[in-house]
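Peer 1: Once you've had a glance at the structure underneath, I'll fire off some questions.
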Amino acid sequence: MSIPRRQHVGAGEAGAKALDMLEIGRPDLDWVTLAKGHGVPATRAETLDALGSQLKDALAERGPRLIEVML
């Protein structure tokens, strides 16, 4: 038996905005901009070649780095 998500958090009847907060894909987040806003260097890789290049660059630097991989 499937229990509706809202019952897991005790929220009762939820509106569209509240339900969006329980879904990872809504709203869509710009992870690169979020990371940069926190001072973390970030890039987006849309191809395997780009991922390889960005990973190589990331490993050559010290500290954190975010690489968003678009599947």
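Peer 1: Pairs please, first residue from the range 44-63 and closer than 18 Å to Trp31 by Cβ, second anywhere and basic (Lys, Arg) and modelled with pLDDT of 95 or more, Cβ atoms under 9 Å, 6+ apart in sequence or on different chains.
Peer 2: Going by the 9 Å Cβ cut-off, the qualifying pairs are Ala50/Arg44; Gln54/Arg44; Gln54/Arg65; Asp57/Arg65; Ala58/Arg65.
Peer 1: Here is a follow-up. Looking only at the range 21-32, how many residues end up being surrounded by 11 or more Cβ atoms within 10 Å (Cβ to Cβ) and under 17 Å from Met70 (Cβ atoms)?
Peer 2: Of the residues in that region, 4 qualify.
Peer 1: Name the residues in the range 36-53 that are more than 17 Å from Met70 (Cα to Cα) and among the small types (Gly, Ala, Ser), would you?
Peer 2: Passing the criteria: Gly37, Gly39.
Peer 1: Filter the range 48-71 down to the residues that are of a type in the set (D, E, K, R) and surrounded by 13 or more Cβ atoms within 10 Å (Cβ to Cβ) and list them by number.
Peer 2: Asp57, Arg65, Glu68, listed by residue number.
Matching residues to (1) at pLDDT below 95; (2) on the phi < 0 side of the Ramachandran plot; (3) of a type in the set (A, V, I, L, M, F, W, C); (4) not in a strand (DSSP E or B):
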position: Glu23; (1), (2), (3), (4): yes, yes, no, yes
position: Asp28; (1), (2), (3), (4): yes, yes, no, yes
position: Val32; (1), (2), (3), (4): no, yes, yes, yes
position: Lys36; (1), (2), (3), (4): no, yes, no, yes
position: Gly39; (1), (2), (3), (4): no, no, no, yes
position: Gly52; (1), (2), (3), (4): no, yes, no, yes
position: Leu55; (1), (2), (3), (4): no, yes, yes, yes
position: Ala58; (1), (2), (3), (4): no, yes, yes, yes
position: Gly63; (1), (2), (3), (4): no, no, no, yes
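The values are calculated or read from the model by the stated rules, or taken from the named source; none is laboratory data. As the structure is a prediction and not an experimental result, all values here were calculated from the model. When we count neighbours, we look across all protein chains shown, and the Cβ atoms used for this are built from the backbone with ideal geometry, even at glycine.
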